[in-house]
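The next block holds one structure in the form of structure tokens; read it before the comments.
FYI, it's all coordinate maths here, none of it is from the lab. All values reported here derive from a predicted model rather than from experimental measurement. Reconstructed Cβ throughout: ideal geometry from the backbone, glycine too, with neighbour counts over all protein chains shown.
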Amino acid sequence: MTSQPVRGYTASKDQLQARLRRIEGQVRGIERMVDEDRYCIDVLTQISAIQAALDKVALGLLDGHARHCMQEGSAEGRAEEMATEMMAAVGRLMKRG
């Protein structure tokens, strides 16, 4: 039997999944708003709320990565590789629009 790898978010996986389900519900709510021809600004406000929620999830994942995965990688002699990988991920997260 193969064991699952321990990730930086493993300890808080239930919380992470609950937050992602709430975000999924928010997205479905926007779909309903569009179906109901709701005011554009109201739809945009909800989109902004979802983006903020996703940013919070991403920051939590980055925190876990820095505290767990990068420490593990450093112990394996891969500190530079892990730092480069994380900074690339941060760069992708920061690019919008």
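So here's what we get for this one:
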item	result
Helical segments meeting 24 Å axial Cα length and Kyte-Doolittle 0.0 threshold in the chain (DSSP H)	40-64
Contact order relative to length of the chain, as percent, for alpha carbon pairs under 8 angstrom and 6 or more apart	34 percent
24 Å tail of the calculated P(r), the chain, as % of Cα pairs	41 percent
Spin-label model distance (nm) - Met86 vs Gln4, 7 Å beyond Cα toward Cβ	2.3 nm
Ellipticity estimate at 222 nm from DSSP helix runs (n ≥ 4, -39,500 (n - 2.57)) divided over the chain, nearest 500	-24500 deg cm²/dmol
GNM top mover of Asp55, Asp35, Asp63 - the chain, alpha-carbon springs below 10 Å	Asp35
Rounded FRET efficiency, nearest 0.05, which uses the C-beta distance separating Ser48 from Ala11 and R0 of 25 Å	0.25
